[in-house]
Amino acid sequence: MHDTVPLEGMVDWRKQLSLMPVPESISSDLILRNAMHQLIHLGRIDESTGIDLFESTDFFSLMELADMVKQARFGKHVFFNNNLHVNTTNICVLACRFCAFRKGSRHSEAYALSVDEYIHRIEPFSSKIDEVHSVGGLHPSWTIEHYEELYSATKDKFPHIHIKSLTAVEIKHLANRSNLSVDQTLSRLKASGLDSIPGGGAEILVDSIRDRICRGKESSQEYLDIHRKAHELNIPTNCTMLFGTIESIQDRIVHFLRLRELQDETGGFQCFVPYPFLPDKTRLPEANLATGNEILRVVAVSRLMLDNIPHIKAYRMNIGNHVAQIALSSGADDIDGTVGHEEIMHTAGSTTPVSSSTLDICRLIEQIGGIPVKRDTIYSRFETLSESPAPYLLPVQR
């Protein structure tokens, strides 16, 4: 086990990329060669090239270019943390068509954790984790006071645990239920112990698609505005994309561009998390389900398009350990964490084990030639866990 300290300043990953040898599979492909040129010399890939990357490029060559960009940023380092998922409630006033987790308040499987029950869920893991990840449904009666009590009690009991909680629509719902502005809601939640926001619920940031798969949720602009406000309050957030429903390639690119534009403005997104729709037990029969190749293509294109978002996560709770390992060679540099417990993806059909230890995560990373790096939630502390660590750890790149 080795402690490391990030290098001071910013490493110029574009310069690093320009110095790397270019495989024939990339140099002989006009689209990939153009994409690499745009990244190095223009700073980013344009919309039409992004569409070409989805539609017209060789799958394995695309993966290779995305892996080059990842290595130019972070070398062989792959990030994870020791975390636990605790979902606060599955009761929700909405009924999004893709969601298998949601239950009505009278359903036999409906639940809503009290503060004591929430703390009881954390207790067995408290000495092993540094983050609790908590999202849930839009409870019809909870107001901001419930979450203030939840977060403050958690911090009192486990002051070392970072609270990453609430999606944008949960924040909107709480603000409306509590007769507060989003600014007031976030300020009060932060004061009570909220540390960061996970970023779920972005789905596709195109309102015509949202109207069909999650009618009643926040609009695309509301999602972005809530994250903008969090960033203004120095609350870091992640961002996500649900793909493989009814969206087009153009819709995916619009999604990337809208996230990229907000990141240019605020710099508050720390990680992008793409995940495919899981169809089991849900109500979206017209979905264009993503294949394994499509999942990896989305990971690769996101690494190339989202030049200003530092990290790309291979969310193994959704895509499984095997595909996540391949994604780590396709542009992703983060594999989430130990998790401990997870309901939303598993209710929808995920079979990924939730009992992984730090050793298990390190083994997954080292099997593909990566160097495991245990991080904190906001990528400010790092510890390499490897027999032969690199002499330094590249810092966050924007």
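Please treat every number below as a calculation from the coordinates, not as lab data. This one's a predicted model, so the numbers in the text were calculated from it and none came from an experiment. Glycine gets a Cβ as well: all are built from the backbone with ideal geometry, and neighbour counts include every protein chain shown.
Just a few scattered comments:
- Each peptide in 331-339, 315-323 receives the mean, over its residues, of other Cβ atoms within 10 Å, and ordering these scores from highest gives 331-339, 315-323.
- Computed from the C-beta positions of residue 357 and residue 59, the FRET efficiency with R₀ = 51 Å rounds to 0.95.
- Using alpha-carbon coordinates, inclination of helix 292-305 to the longest axis of the chain, degrees: 80
- Ranked by how many other beta carbons lie within 10 Å on average, peptides 190-199, 114-123 from highest: 190-199, 114-123
- Spatial separation of Cα centroids for region 9-52 and region 312-326, in angstrom: 25
- Think of it as helices only: each DSSP H run of n ≥ 4 in the chain is worth -39500 (n - 2.57), and spread over all residues that comes to -12500 deg cm²/dmol at 222 nm.
- Counting beta carbons within 10 Å around each of 218, 366 and listing the fewest first gives the order 366, 218.
- With the simple model of a label 7 Å out from the Cα in the direction of the Cβ, residue 212 to residue 108 spans 3.5 nm.
- Greater than 24 Å apart at Cα, pairs in 70/128; 70/217; 103/190; 70/374; 164/374: 70/128; 70/217; 103/190
- Full-stretch length increase - residue 264, residue 37 - with 0.36 nm per residue and alpha-carbon distance subtracted: 79.7 nm
- Protection proxy ranking of 74-86, 25-37, by the mean of other Cβ atoms within 10 Å over each peptide's residues and highest first, is 74-86, 25-37.
- Alpha-carbon geometry of region 4-73: the Rg and the Dmax are 12.9, 41 Å, given in that order.
- At a Cβ-Cβ separation cutoff of 4.7 angstrom, cysteine residues of the chain with no neighbouring cysteine are 92, 239, 271, 362.
- Computed from the Cβ-Cβ distance with R0 of 25 Å, the FRET efficiency linking residue 160 to residue 180 stands at 0.30.
- When region 107-205 is reduced to its Cα atoms, the Kirkwood hydrodynamic radius in Å: 14.1
- For the chain, the residue among 382, 160, 40 whose Cα projects farthest onto the positive side of the dipole built from Cβ charges is 160.
- Set of region 69-87 residues, backbone N closer than 15 Å to the point 7 Å along the Cα-Cβ line of residue 20: 69-78
- Percentage relative contact order, region 75-384, counting C-alpha pairs under 8 Å, at least six apart: 22
- Crossing angle, helix 358-367 versus the chain [Cα axis fit, 0-90 degrees, rounded to tens]: 20
- For the chain, the longest principal axis of the C-alpha atoms and the axis of helix 182-192 are separated by about 80°.
- The residues neighbouring residue 286, those whose beta-carbon lies less than 11 Å from its own, together hold a net charge of +3 under the Lys/Arg +1, Asp/Glu -1 convention.
- Segment residue 286-residue 257, extension gain: residue separation times 0.36 nm, minus the distance between their alpha carbons: 7.9 nm
- Residues whose amide H comes within less than 5 Å of that of residue 240, counting only those at least five positions distant or on another chain, are 202, 273 (H built at 1.01 Å from N in the peptide plane).
- Approximating the spin labels as points 7 Å out from Cα along Cα→Cβ, the residue 234-to-residue 152 distance works out to 2.1 nm.
- Taking label positions 7 Å along the Cα-Cβ direction at both residue 123 and residue 28, the computed distance is 6.4 nm, reported to one decimal.
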